[in-house]
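Chemist: Before anything else, here's the structure in question.
The values are calculated or read from the model by the stated rules, or taken from the named source; none is laboratory data. None of these values were measured; they are calculated from a predicted model. No Cβ is skipped: glycine too gets one built from the backbone with ideal geometry, and neighbour counts run over all protein chains shown.
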Amino acid sequence: MFFAYMAMRPAAAKLEPPIRLALWADTFSRFFPWVWLAVIALPATGYYLVQRLFGGLHGAPISIHIMHGVGWVMVGIYSFVYFRQYRHLTMAVEMKDFPLAGQHLATIRTLMATNLVLGIVVIGVAAGGRG
């Protein structure tokens, strides 16, 4: 998300809307399968570790509960981006409705920024330790 938001976005902004929006749609088609892998792997490994280290969530410190809750919010945001906004973006690009595609991309961009901030929060909580 950091790369997409901080590197690709400024570079793509120099392109004309039809090219820029098609680039984003194509990039997302390659990026989102990797996100799905993370959406599956991170909770699975997290639950495994919580079970192994704390005997389940009931024995886990507050930092684990915060990461757990924020992580599921992030999954929810991503799911909305993927199943709604990304689908509409690709349809609008295919129909060559670039103003509509731009609106969907703007929403995706906002939600990606939100998830980026939430991810940084999770990293901070994780680094903060067991308290």
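Chemist: For the condition touching a Phe, Trp or Tyr at 6+ places or on another chain (Cβ under 8 Å) and over 30 Å from Gly128 (Cβ atoms), what is the one hit in Pro33, Pro17? So that I can check it myself, show each step before the final result.
Modeler: Values: Pro33 fails: touching a Phe, Trp or Tyr at 6+ places or on another chain (Cβ under 8 Å).
Only one candidate passes the filter, namely Pro17.
Chemist: Given the criteria basic (Lys, Arg), over 27 Å from Pro10 (Cα atoms) and either assigned to a helix (DSSP H, G or I) or in contact (Cβ under 8 Å) with a residue 60 or more places away in the chain (or both), does Arg52 qualify?
Modeler: Values: basic (Lys, Arg): yes; over 27 Å from Pro10 (Cα atoms): yes; either assigned to a helix (DSSP H, G or I) or in contact (Cβ under 8 Å) with a residue 60 or more places away in the chain (or both): yes.
So Arg52 passes the test.
Chemist: A follow-up question, please. Across the stretch 79-131, what is the number of residues that are touching a residue at least 60 places away in the same chain (Cβ under 8 Å) and charged (D, E, K, R)?
Modeler: Of the residues in the stretch 79-131, 3 are touching a residue at least 60 places away in the same chain (Cβ under 8 Å) and charged (D, E, K, R).
Chemist: Any residue in the stretch 1-19 that is free of Cβ contacts under 8 Å to residues at least 24 places away in the same chain and surrounded by 12 or more Cβ atoms within 10 Å (Cβ to Cβ) sitting within a Cβ distance under 8 Å of a residue that is assigned to a helix (DSSP H, G or I) and among the basic types (Lys, Arg)? List the pairs, counting only those 6 or more apart or interchain.
Modeler: Going by the 8 Å Cβ cut-off, the qualifying pairs are Ala12/Arg20.
Chemist: Taking helices (runs of 4 or more DSSP H) that do not extend beyond the stretch 57-131, which have at least 3 residues that are small (Gly, Ala, Ser), modelled with pLDDT of 95 or more and surrounded by fewer than 13 Cβ atoms within 10 Å (Cβ to Cβ)? Explain how you work it out, then say what you get.
Modeler: Numbers: elements: 62-80, 87-94, 98-127.
Those helices (runs of 4 or more DSSP H) span 62-80.
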